[in-house]
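Structure first, commentary second.
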Amino acid sequence: MCAGCSGLEVLHEVYDLLGPKTVFVNAAGCLTLLATYPFTPFRGSWLYTAMASAPAGAQGVRDALDLLLQKGDIGPEENLEVVVLTGDGAAYGMGLSATSSAIERGLNFLYLCYDNEGFGNTGQQYSEATPHGARTAMSLSRAGFTGYKKDLFAIWTAHQPAYAATVLGAEPLDLARKVAKAKSL
């Protein structure tokens, strides 16, 4: 992982909080580069999707689990918590439509975005999360990025989800409280 990125830290903290009965859905990006089958640093179930498809993948997993529960093919003790974990490239950019749709429909999973303000897996190209004036690998002028960072939190909360919060991987107690609150809803 890139220096300063909290993706892996958040992943391990959320595993610790939710336990082994968690399935992570990850859009293609930085965390995709951490492991190659059959070697993995992950401690539980993991699904990789195309960059824009993590919310759809998460809903497919959630629907399958709900159907298995309803049919009695698995018991409540075998149910899994579904968590989307993506970088800002998928959350702010290519996956924004799928995420907005998922929130609008009230789909049942947690969504965590690690925002490193650029596409870290491609050498820190600018993304929709890059602040105005920031220097990136794609900066053509000394002025840096000429665009403006989207306010993802405002976009998501405009859909009035059951719960939305900002967290920092460097604040594990705050993360724990917010994950517990989200899980309780």
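Suppose we filter G60, G89 for residues that are in contact (Cβ under 8 Å) with a residue 24 or more places away in the chain, small (G, A, S) and in a helix (DSSP H, G or I); which single one remains?
Criteria check complete, one pass: G89.
Residues are listed down the side, and each one gets a yes or a no for (1) within 14 Å of the chain's Cα centre (by Cα); (2) among the small types (G, A, S); (3) exposed (fewer than 12 other Cβ atoms within 10 Å of the Cβ):
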residue: C113; (1), (2), (3): yes, no, no
residue: G123; (1), (2), (3): no, yes, yes
residue: S127; (1), (2), (3): no, yes, no
residue: T157; (1), (2), (3): no, no, no
residue: A162; (1), (2), (3): no, yes, yes
residue: L185; (1), (2), (3): no, no, yes
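Considering only residues that are touching a residue at least 12 places away in the same chain (Cβ under 8 Å) and outside any loop (DSSP other than H, G, I, E, B), which ones fall in segment 141-164?
L152, F153, I155, W156
So, in segment 63-85, exactly how many residues are closer than 16 Å to S101 by Cβ and assigned to a helix (DSSP H, G or I)?
1
Say whether the condition of being closer than 13 Å to P55 by Cα, charged (D, E, K, R), at pLDDT 85 or above and surrounded by fewer than 16 Cβ atoms within 10 Å (Cβ to Cβ) is met by at least one residue in segment 97-106.
Yes, the conditions are met somewhere in segment 97-106.
If you scan segment 57-96, which residues turn out to be polar (S, T, N, Q), surrounded by 13 or more Cβ atoms within 10 Å (Cβ to Cβ) and out of contact with any strand residue (DSSP E or B) (no Cβ under 8 Å at 6 or more places or on another chain)?
Scanning segment 57-96 gives Q59, N79.
Which residues, counting only those in segment 135-163, are hydrophobic (A, V, I, L, M, F, W, C) and within 19 Å of G7 (Cβ to Cβ)?
Passing the criteria: A137, L152, F153, W156.
Filter segment 32-49 down to residues that are out of contact with any strand residue (DSSP E or B) (no Cβ under 7 Å at 6 or more places or on another chain) and either among the basic types (K, R) or closer than 25 Å to L96 by Cα (or both) and give me whichever is surrounded by the fewest Cβ atoms within 10 Å (Cβ to Cβ).
L33
I'm trying to understand the selection: among the residues of segment 135-155, which are farther than 22 Å from G106 by Cβ, at pLDDT 90 or above and either buried (at least 16 other Cβ atoms within 10 Å of the Cβ) or in contact with a Gly (Cβ under 7 Å, 6 or more places away or on another chain) (or both)?
K149, K150
Looking at segment 165-178, which of its residues are exposed (fewer than 12 other Cβ atoms within 10 Å of the Cβ) and assigned to a helix (DSSP H, G or I)?
L173
Looking only at residues that are hydrophobic (A, V, I, L, M, F, W, C) and crowded, with 19+ Cβ neighbours inside 10 Å in segment 6-16, which one is modelled with the highest pLDDT?
Residue satisfying both the conditions and the ranking: V14.
Checking the conditions here, which among L107, L96, L68 is among the aliphatic types (A, V, I, L, M), more than 21 Å from E9 (Cα to Cα) and free of Cβ contacts under 8 Å to residues at least 12 places away in the same chain?
One residue alone meets the criteria, L68.
The values are calculated or read from the model by the stated rules, or taken from the named source; none is laboratory data. Predicted model, so just to flag it, every value in this text is computed and none were measured. All Cβ positions, glycine included, derive from the backbone under ideal geometry; neighbour counts span all protein chains shown.
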